[in-house]
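A short worksheet on the structure shown next.
Derivation of every value follows stated rules applied to the coordinates shown; laboratory data play no part. Every value quoted in this text rests on a predicted model; they were computed, and no experiment measured them. Counting neighbours? That spans all protein chains shown, and the Cβs are built from the backbone with ideal geometry, glycine included.
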Amino acid sequence: MPIRDRPRTILITGATDGVGKQTAADLAQHPDNFVIIHGRTKENCEKTIDQIRREGARYDNIDYIAIDFTSLDSVATGANQLSSRYPSLNCVVCNAAVLQQRRHDTIDGYEHTFQVNFLAHFVLLNRLLPTLEQNSPGRIIVIGSTLHSWTSIEWTDLQAEQEYEKYLQFSRSKLMCHLMAFALHRRMALTGFKVTVNVMDLGREKRETNNNYKFRCASALSTSESVFSVGRSAGGLVQMIESPALDTLSGKYLDCHGKQMRSGSEATDERLQERLWSEAAKLARDHLIKS
Ligand SMILES: NC(=O)c1ccc[n+]([C@@H]2O[C@H](COP(=O)([O-])OP(=O)(O)OC[C@H]3O[C@@H](n4cnc5c(N)ncnc54)[C@H](OP(=O)(O)O)[C@@H]3O)[C@@H](O)[C@H]2O)c1
């Protein structure tokens, strides 16, 4: 089936590993979906696609794009390529994230976690918005974390130069993703929700109940009591991507069963959402589409 005839053309960032990869594999099982795997390098993307095909993908409905989020030039160029290669793009899942042991700067001079988890997605989404709007109803799903409510933004030290602690910076980056999603949701309200924007929490589960899933992941964020289940999270994410409910539901924080959750109080503060949006627009000004 030609890509334009498929109901969904879905980009998943960070789909060469973990929940992004499993979600891509699950989505590719359905001929209605065209799945674009995003990864940092061409090699990782090709390896992922080979593996998904070997494990039984039946339809010719997967492709990839390599974009290194530590370079905003790469993000801007990649976004342009996505819009021209996939004019039917109507769903973006912002899933790529890192947790860095030590602080270091990207080629653009921003702190690595801040840029990969938040700023790169800010640039990517802003550049893809016209394509998503053309393919209305479009949807954006931003992968959040309950850790977003653990912290607040340190406005005088956005690049964590004065203090760097890996969990703190990760939590802040997830709070920023939350703020970005809600700011974008408000902008989309002005278009009559041509594109819906929601934040999704992939959740955790108690270790002992973790036996039924295809993949498990004891990541840096796992504790002795809880573990991140890739299989369950991907299952929930696939439902969110395919559910007709998200054609109209927007501005919500959802768990992996689609149930609404309460966002942290900073995340729902409109002044903070707008403040972050304008800070990000300043930092990324050379990489946004000029209006
Ligand atoms: N793991 C957990 O315990 C947990 C819990 C709750 C929520 N989450 C959230 O769920 C999402 C997926 O987590 P996960 O554990 O499945 O992720 P993961 O397995 O660590 O995969 C991360 C993905 O991000 C990509 N990535 C890393 N650096 C990049 C860069 N510079 N440019 C472009 N892509 C880059 C990786 O590509 P490469 O393979 O090429 O490096 C990979 O595809 C994240 O948003 C995470 O915060 C995770």
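Using modelled amide H (1.01 Å from N, peptide plane; none on Pro or chain starts), what sits under 5 Å from the amide H of L254, excluding residues fewer than 5 places away?
When sequence neighbours closer than 5 places are left aside, the close amide H contacts are V199, M200, D201, M261.
What FRET efficiency do you get for K42 and D269 if R0 is 41 Å and r is their Cβ-Cβ distance, rounded to the nearest 0.05? Each step should come with its number before you reach the end.
On the way: r = 40 Å, r/R0 = 0.98.
Step by step, r from the Cβ atoms, then E = 0.55.
Under a point spin-label approximation (7 Å from Cα along Cα-to-Cβ), what is the S136-D32 distance to one decimal in nm?
Rounded to a tenth, the inter-label distance reads 2.2 nm.
Ignoring solvent entirely, what values of log10 I(q)/I(0) come out of the Debye formula for the chain at 0.08 Å⁻¹ when each Cα is a single scatterer?
Result of the Debye calculation: -0.30.
Positive end of the charge dipole of the chain (Lys, Arg +1 and Asp, Glu -1 on Cβ, about the Cα centre): tell me which of S88, A120, L202 has its Cα farthest that way.
After comparing all options, I get S88.
Which distance in nm do the two modelled labels at I107 and T156 give, with both placed 7 Å along the Cα-to-Cβ direction?
If labels sit at I107 and T156, their model points lie 3.4 nm apart.
Below 8 Å, C-alpha to C-alpha, sequence gap of six or more: please give me the relative contact order for the chain in percent.
RCO, the chain: 17 percent.
Tell me, what ³J(HN,Hα) does each residue in segment 4-12 have, in order and in whole Hz, if you take phi through Karplus 6.51 cos²θ - 1.76 cosθ + 1.60 with θ = phi - 60° and put x for Gly and Pro?
5, 8, 7, x, 10, 10, 10, 9, 10
Taking 22 Å as R0, compute the FRET efficiency from the Cβ-Cβ separation of S88 and A245 and round it to 0.05.
Values: r = 21 Å, r/R0 = 0.97.
For R0 = 22 Å, the calculated efficiency reads 0.55.
Suppose each label sits 7 Å from its Cα in the direction of the beta carbon; what would the S278-Y59 distance come out to in nanometres?
Those two pseudo-labels are separated by 4.5 nm.
If I take the Cα coordinates of segment 54-192 and project them onto the principal axes, what are the three extents in Å, biggest first?
Its Cα atoms span 47, 41, 29 Å along the three principal axes.
Evaluate E = 1/(1 + (r/R0)^6) for D5 and M261, where r is the Cβ-Cβ distance and R0 equals 30 Å; express this FRET efficiency to the nearest 0.05.
0.25
Mind checking the dipole of the chain: about its Cα centre, +1 per Lys or Arg Cβ, -1 per Asp or Glu Cβ, Debye to the nearest 20?
Value, rounded to 20: 560 debye.
Once amide H atoms are built 1.01 Å from N in the peptide plane, which residues 5 or more positions from C91, or in another chain, come under 5 Å H to H?
Correct list: T9, L11, R139.
Could you point to the residue in Q101, I65, Y164 farthest towards the positive end of segment 49-165's charge dipole, with +1 and -1 charges on the Cβ of Lys/Arg and Asp/Glu respectively?
Value: I65.
In a Gaussian network model over the chain where Cα atoms closer than 10 Å are linked, find which of V75, V35, V238 has the largest mean-square fluctuation.
V238
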